[in-house]
Amino acid sequence: MLLPIIILLICVSCQAHDRPDWPKYVFDSIPIPPQARNLRYVFYADSYYVTYSVDACYPPNSVINSVAALMKQKGFERLLNDPLNPGQKLSVAITPMGMSYVSHPWQDYWRDVSGNIVYYNYQYEIGRLPIQSYVRELEKSCLLQGTVIFSPADVFRRDQEEMQRTLKK
C-alpha cells in the first residue's frame, strides 16, 4: 500500500519540474544558462518564476555575462536602480567603476520596450557564518543558485504602486 503512494509522489514531483505550458514570449524573454539543472517552474501572483542551479565558481562572471549578452540581444535594457526600492543601486552599478561581479547576492533587472520586467538573482548557498568565515566560504563556492522572474508590464506596474504605497505609510 505504501509503495504506490511513494511512486505517485515521485511522479507528481517529476511533473512539477517539467517545462510548463507558458506563453512563448515568456520563455523567449528569460534566457536560462544551458548548463542549468534542477529547474523548477512556478506561476504565482501573475508572474513566472524559474529557479535552477549552475556549477559556476565564485565570482559568477561567465554566467552573468552570458545572461546579460542574451538579454541585450533580445532588446532588453539593463536597469541600474532597483525599480521596487527607489534609490537602491543594483549589482551592476554598486561600484564607481560600474560592473561588480563580487556582489553577493547578485541582482539584475531588465526591461523590454513593452515594459515587461525580467529579474535575475544569483547567490551561493553558504549558510550563517561569521563574516571572516563567510568570505572564505564564498570564495570557495561553486554551486550558484539562480532565480529569474518574468513580470508582465501591467503586473509590475501594480507591484510598483503597491510598494510605493507601503513605503509612504
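The values are calculated or read from the model by the stated rules, or taken from the named source; none is laboratory data. What you are looking at is a predicted structure, and each value in this text was computed from that prediction instead of being measured. A quick note on method: Cβ atoms are made from the backbone with ideal geometry, for glycine too, and the neighbour counts reach across all protein chains shown.
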**Complete:** From the option list ILE126, ILE117, single residue qualifying as among the hydrophobic types (A, V, I, L, M, F, W, C), at pLDDT 85 or above and surrounded by 13 or more Cβ atoms within 10 Å (Cβ to Cβ) is ILE117
**Prompt:** Tally time: how many residues in region 143-158 are within 17 Å of the chain's Cα centre (by Cα) and not hydrophobic (A, V, I, L, M, F, W, C)?
**Reply:** 5
**Complete:** Inside region 120-169, the number of residues satisfying the requirement of being free of Cβ contacts under 8 Å to residues at least 40 places away in the same chain, closer than 23 Å to VAL92 by Cβ and assigned to a loop (DSSP other than H, G, I, E, B) is 2
**Prompt:** So, in region 66-92, of the ones that are crowded, with 18+ Cβ neighbours inside 10 Å and part of a helix (DSSP H, G or I), which residue ends up modelled with the highest pLDDT?
**Reply:** MET71
